[in-house]
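To keep things clear, I will list the structure first and then write my remarks on it.
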Amino acid sequence: MNWHQWQEIIGVIGVFVLITVVFSIAIVQLASTWRAKAKLAREQEYRSLAEKAVRTQEETERQLRDVQDRLRSIERVLKEVD
């Protein structure tokens, strides 16, 4: 083999390595983007779940206050009956 053939082989290997590196970087970046999108979606779900929990807690507290008010008025009526 002469020097020209070796240069062609080295060139082909270099192009193959370059293409492999570019594809590898592209795949890593795509995977990173997918993970980031999944993380954002998960965080949004957690946020909406937390907001729903807060609304439920506030509604429960309101109902508890109503029950306490009713209980106080019942106690008042019972004390008046005694």
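The values are calculated or read from the model by the stated rules, or taken from the named source; none is laboratory data. Note that the coordinates shown come from a computational prediction; the quantities given were computed from them, not determined experimentally. All Cβ positions, even for glycine, are placed from backbone atoms using ideal geometry, and neighbour counts span all protein chains on display. For the accessible areas, the whole protein counts, side chains as well, though only heavy atoms, and no ligand, DNA or RNA atoms are used. Shrake-Rupley method; radii C 1.70, N 1.55, O 1.52, S 1.80 Å.
Odds and ends about this structure:
- Near pairs, Cβ below 9 angstrom, 6+ apart or cross-chain, from segment 7-25 (in a helix (DSSP H, G or I)) to any residue that is open to solvent by 100 Å² or more (accessible area, probe 1.4 Å) and not small (Gly, Ala, Ser): ILE9/MET1
- Subset of segment 43-74 [of a type in the set (Asp, Glu) and open to solvent by 90 Å² or more (accessible area, probe 1.4 Å)]: GLU45, GLU51, GLU58
- Residue ID - nearest to the chain's Cα centre (by Cα), chosen from residues in segment 23-42 that are open to solvent by less than 80 Å² (accessible area, probe 1.4 Å) and not hydroxyl-bearing (Ser, Thr, Tyr): ALA41
- The test for being open to solvent by 80 Å² or more (accessible area, probe 1.4 Å) and among the aliphatic types (A, V, I, L, M) does not hold for ILE9.
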